[in-house]
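Okay, so here's the structure we're looking at.
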Amino acid sequence: MAAVDQPIESLFDDEADQSPAALAAALSPAAAKGHYDELRGGTGGRDGLPIPAWARFFDTLGSSGFTDLNRRTAQLQRQVRDNGITYNVYADGDGPQRPWSLDLFPLIITPESWQQIERGLQQRMRLLESIMADVYGPQFLLAANLLPPALVQGHPGYLRAMHGARPAGGTYLHIAAFDLARGPDGHWWVVSQRTQAPSGLGYLLENRLIISRLFPQAFQDLKVQRLAATYHALLESLTAMCPGEDEPRIVLLTPGPYNETYFEHAYLARYLGLTLVEGSDLTVRDERLYLKTLKGLERVHGVLKRLDDEFLDPLELRSDSTLGVAGLLQAVRAGNVLVANAPGSGFLESCAMLGFLPALSRELLGEELQLPSLATWWCGERAALKAALPELGESVIKSTYGAVGTGAVLGRTLSARALEEWAARIARDPDEYTVQSYLPLSQMPTWKSDMARDRIVPRSMMLRVFAVSDGVGSWRVLPGGLTRIASVDMEIASMQRGGSSADTWVMTEGEVDTTSLLHHEHPAVDTAHRSRTVTSRAAENLFWLGRYTERTENTTRLARLILESINGEDQSSQALLTWVGELAVTNALVLPAVPSPLQARRVFERALIGNLGEVRKAASVGYNLAALRRAASGVRERLSLEQWNVIVRAEQEFQRGCALCTDDGPYSSVEAVRVLETLSGRTAAMTGAQTDRMTRDDGWRLLSIGRHLERLAFHAQSLAWALSTKAIFEESGFEAVVALFDSTITFHASYQQRRDMPALIDLLVLDRDNPRSLGWVAQTLRGRISRLEGKPLDEISEFVRVIPDMSSCTLDALSERGKTGRYDNLMALLQQCAEGSLALSDQLSSRYFTHSDLRQSVGA
C-alpha cells in the first residue's frame, strides 16, 4: 500500500472513516514474499485487512490509539529499566548489563492454532520421556537400530554414569522447550528442542506483566489465557515427586550472576518461592544433598537446575567445573534427590534427533507425530548424506554435537565456492554435521518509530513454547511462550545476535484461568520454620554488600573532605594537609608515589580526581561502588527493585560524572565535589533501604555487621591518624575530624563553640546515642552478633570479645595525657578497635561462610 510511506497523521486526515484495523493495514507493508504474514494470515505479498484476532486488538486502540503508541513504547522501555530486566550477552562481570529487548506488540495465537501446538507438544513430551527411559534403561532402541549409537553414546550429553538409574519420582523430563516456526502454509513446525536447562520461563513472565498492562482492554477482550496455573502445576509436581517424608526443600541452581540469563534465575526463584543457590551453596554427605546455611547443613530434596549437565558434578563430569556439586550424581543415583531435568538429557537436544522422531513415535507410541519437525538429515547415514548434499544451497547446516543454535549456516547465503567447501567438509566428517531444510520464518507486526515516520514493520519471528510436568507421566503446555524476533535483515531469531522478544497471547474459547501464585491458598505452616533460609553464599554476599556500602560512603565522604580541605580557607595548616594526605594513601584514593598535598597540592588533587572513578584499583570510590553492585547482584532475589535500581543508577551517574571531571577537562575540584555530593545522596538511600526495607533475619544481621565493622575500623584509624599528625589540635583539623564522622551538626548543637578533646571524645568515642561514635558501633556489633548466635541480650558471646567493651571506658581515662603529652589510653583503644575489626571479620568468615567447622550437624 502506498499509505505505508505516509505520515501517520495524514492517514487520520485523509481516511478518517477507516476502521482501526484498516489503518493498521495501511501502516504495515505485507510480509516478505514466501513468508507467512501473522497480521493478515497468509503468504507474504498479500495485501488486505488483518485477521479477526488482530483486528480486535487494533479496534481496542481506536483510531487515536495509534498516535499513543510512541508513549506506550517509552513506558515499556522505562518499565524494563525500572524492573532491572537484563540479558548479559557476553556475561562481562565488569561491564554494563544489556537491558532486555521487548517489542510493543504481542504475538497473537488463535485457539485453533494453539490446539495444534498443544496436542503436538504433549505427544512429544511422552515420546521424549519414553526415549530417555529406554536409553538409560534396556536400550532397545539402540539394539534395534532405531537410534544410531553415535547420536546417543557418542554424544557428549549422554551420561554413562546415569545408565540404570531411575530418577526420583519416576520422571526424567520435567521441563522442555520447543522452538517453533510457522511455515508459509500457516502450519507450525518444530525447529529445535531443549531439555537440559531451557531459558525463557522468567523472561516471558516479565514480558506478560509489562505488555498486558500497556494494553489492558485488548488483553481482556481477546480472552488471553493466563500463565500462573502452569507454574503452580510444575511446582506442585516437583514437590510431590521429591524423595523423603519431610516437607521437601527445593532449590533453583544457577551458574551465578555472570550468567547471561541470571536475571530470570533470580526472578523465577522469587516467583516460585524457591531458594536461589549456586554450586558452592550445596554439599553432598552420605549420598544426600545439603544446603549450607548459617544454621548448619539442611537437607535438599529437589533441584531445579539452570546449568548444563556437564557442569553438575566435578567428580564425575567436568573436573574443572566450579558451578556444580561434587558427588551430586551419586546422590541422584541413590534416589535421594530429584533433579529437574534428570541429568543426561543433553543428547535429545541434538538437531539430528529430529530426523528420527517420526519413526520412534510409531515404535514407542504407536502414533504419527501430530506436530512435525523440519526435514532433517544426519549426515552420518550414507543415504542421508547423499540426499542432503544436493540440497545444501536451500538448507541450514548445523553441528550435530554442538549446543543448540550455535554455528548454524544458511546455505542460501553462501557463494558457490563456499558451498563446495562445505560439501567437502561434510563429506570428510559426516557424523559432525546435520542438514535441515530451510523454512522462511513467519513475520509478525512490530512498531517502529523514527524521525521520518511511525509505521508497523513485519519482522521474522520464532516461538519458544514450554511443556512442564504436572504429575507422573503427564505434562501441560504453558499457554504462551517467548517470542523471539530476528534483527533487521536476519533470518535467525536469537537474543545473542541482537534480536528482540515479544509477549505471546494465546486466546481461549473457554473461561480464562484466574489462578495466581500470589494468592494461592496454602495449608497452615509451622511458624517456627517460617524464617527465611539464609545460605552461606548469600550471607557472605550480604556481609560484603554491607561492607562495600560503608566503604563507598566512607571513601566518598573522605574524598570530598580532602578536596574541600586543600581548597579551603586554611590551606596553610601543615598538620591538616599531612592528615588528609595520609588518609588518602591509607584508603587508596591516591597511590603512595603521588606527592603529598604539602609537596605538590595540584598534582595530588589531579591524582585524586583522576582516580575517583577507577574500577580496577582496590579501594577507590569507583572500585568500591562496582564491588557493591557485584555483591548486590549475588543476592538480587533478596533486594527490592527500588534498592537494585538505586545501586545501578548510582554507579552509572557516578561514572558519567567522573568522566566529565577528567575527559579533556581541567580536573575541576568543584565538579568533583558536586559528583561526590550526588553519590553521598545515593549511598544514603542505599543505607536507608537496607535499614528500613529488609527483613531482620540473619542475612540482614550480617549485612549490618559488615557495615559496622567497616565503620569501626575506618573511624578508629582516621582518628588515630588525626592524633598522630596533630591535625586534631588545630581548629581546621578538629572540624575536619568531626565532619568525617558526619557529626558536625550534632557536635555544635551539643557543645556549641567548644573545641576541646574531652568534648570530641565524648561524642565520637563514648556517646551511645550517636550512630557514628565508636561506642555506639561497638555496642551495636556486639548485639548483632549475639543475636546471630542466638544468645540472650544480656549474654555476650566469646565470639565478639575482640571488640572492646566501651562501657568500661571513662571520659577521664581517655582524656588523660601521658608524660609525653600523648593520649595513650585513647590510642590504645583505637588500635583495639581497628585490630578487633579485622579479627572479627576472619572469625565470621571461618564460622559462617567456609563451613570449616566439622562439628556442624547434618540434618536428616
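Order these peptides, 321-330, 69-78, 587-596, 129-138, by their mean beta-carbon neighbour count within 10 angstrom, highest first.
Working: 321-330: 20.8, 69-78: 14.8, 587-596: 16.6, 129-138: 19.2.
Those peptides, ordered most packed to least, come out 321-330, 129-138, 587-596, 69-78.
Contact order for the range 232-331, expressed relative to its length and based on alpha carbon pairs under 8 Å spaced 6+ residues apart, stands at 28 percent.
The amide H of G327, built 1.01 Å from its N in the peptide plane, has L315, E316 as neighbours under 5 Å, considering only residues 5 or more places off or on other chains. Here the peptides 636-645, 770-779, 671-680 are ranked by packing, the mean other Cβ count within 10 Å, and the order with the highest first is 770-779, 671-680, 636-645. Estimated from the Cβ-Cβ distance and a Förster radius of 30 angstrom, the FRET efficiency linking T60 and D185 is about 0.50. Under the criterion of Cα pairs below 8 Å and six or more residues apart, the relative contact order for the range 347-397 equals 28 percent. Taking all protein chains together and a 1.4 Å probe, the residues D805, D246 rank D246, D805 from largest to smallest accessible area. Computed packing ranks the peptides 165-174, 230-239, 682-691 as 165-174, 230-239, 682-691, most packed first, by mean other Cβ atoms within 10 Å.
From the square roots a ≥ b ≥ c of the eigenvalues of the alpha-carbon gyration tensor of the range 337-463, which class results: rounded (a/c under 1.5), prolate (a/b over b/c), or oblate? The shape class here is oblate. What do you get for the angle between helix 731-740 and the principal long axis of the chain? Use alpha-carbon atoms, 0 to 90 degrees, nearest ten. Roughly 30 degrees between the two axes. Listed by chain and number, the lysines whose alpha-carbon sits under 23 Å from that of K295, ignoring those within fewer than 8 places in the same chain, are K791.
With the simple spin-label model, which puts each label point 7 Å out from Cα in the Cβ direction, the R412 to A387 separation comes to 2.2 nm. Taking 0.36 nm per residue of sequence separation and removing the Cα-Cα distance, the H232/R213 pair yields an extension gain of 4.6 nm.
Put a dot 7 Å past the Cα of H748, heading toward its Cβ, do the same for T691, and the two dots end up 2.2 nm apart. In order along the range 102-112, the phi-based Karplus estimate (6.51 cos²θ - 1.76 cosθ + 1.60, θ = phi - 60°) of 3J(HN,Hα) comes to 9, 8, 6, 7, x, 8, 9, 10, 6, x, 5 Hz; Gly and Pro are listed as x. Amide H contacts under 5 Å for M461: S442, M444, A486, restricted to partners 5 or more places along the chain or on a different chain, H placed in the peptide plane at 1.01 Å from N. Assign one of three labels to the range 84-205, namely rounded, prolate or oblate, based on the Cα gyration tensor with a ≥ b ≥ c the square roots of its eigenvalues; rounded applies when a/c is under 1.5, prolate when it is not and a/b is larger than b/c, and oblate otherwise. Oblate, since a/c reaches 1.5 and b/c is not below a/b. Put simply, the amide H of I108, placed in the peptide plane, has neighbours under 5 Å in W505, leaving out anything fewer than 5 places away on its chain.
Sum -39500 (n - 2.57) across every DSSP H segment of at least 4 residues in the chain, then divide by the residue count to get the 222 nm mean residue ellipticity, nearest 500.
After summing the helix terms and dividing by the residues of the chain, the value is -13000 deg cm²/dmol.
Taking 0.36 nm per residue of separation and subtracting the Cα-Cα distance, full extension of the segment from Q652 to N70 would add 206.9 nm.
Taking Cα extents along the principal axes in Å as calculated from this structure, the corresponding entry among (i) 110, 76, 53; (ii) 100, 73, 58; (iii) 106, 82, 54 is (ii). For the range 291-302, putting each phi into the Karplus relation 6.51 cos²θ - 1.76 cosθ + 1.60 with θ = phi - 60° gives couplings of 9, 7, 10, 5, 8, x, 9, 10, 5, 10, 9, x Hz, in residue order, rounded to whole numbers and with x for Gly and Pro. Computed from Cα atoms, the angle from the helix 201-214 axis to the main principal axis of the chain rounds to 90 degrees.
Within a Cβ distance under 15 Å of P52, other residues only, what is the Lys/Arg minus Asp/Glu net charge? Could you put the intermediate results ahead of the total?
Working: positive: R40, R56, K223; negative: D37, E38, D59, E112, D221, E509.
After counting each charged neighbour, the total is -3.
Could you give the length gained by full extension between E367 and E298, i.e. 0.36 nm per residue of separation minus their alpha carbon distance, to one decimal place?
20.3 nm
Specify the angular offset, from 0 to 90 degrees and rounded to the nearest 10, of the alpha carbon long axis of helix 69-83 from the longest principal axis of the alpha carbons in the chain. Approximately 50 degrees, to the nearest ten.
The values are calculated or read from the model by the stated rules, or taken from the named source; none is laboratory data. Bear in mind the structure is a predicted one, so any value in this text is a computation, not a measurement. Please note: Cβ atoms are built from the backbone with ideal geometry, for glycine as well, and neighbour counts cover all protein chains shown. Note: accessible area is taken over every heavy atom of the protein model, side chains too, but ligands, DNA and RNA are not part of it. Shrake-Rupley method; radii C 1.70, N 1.55, O 1.52, S 1.80 Å.
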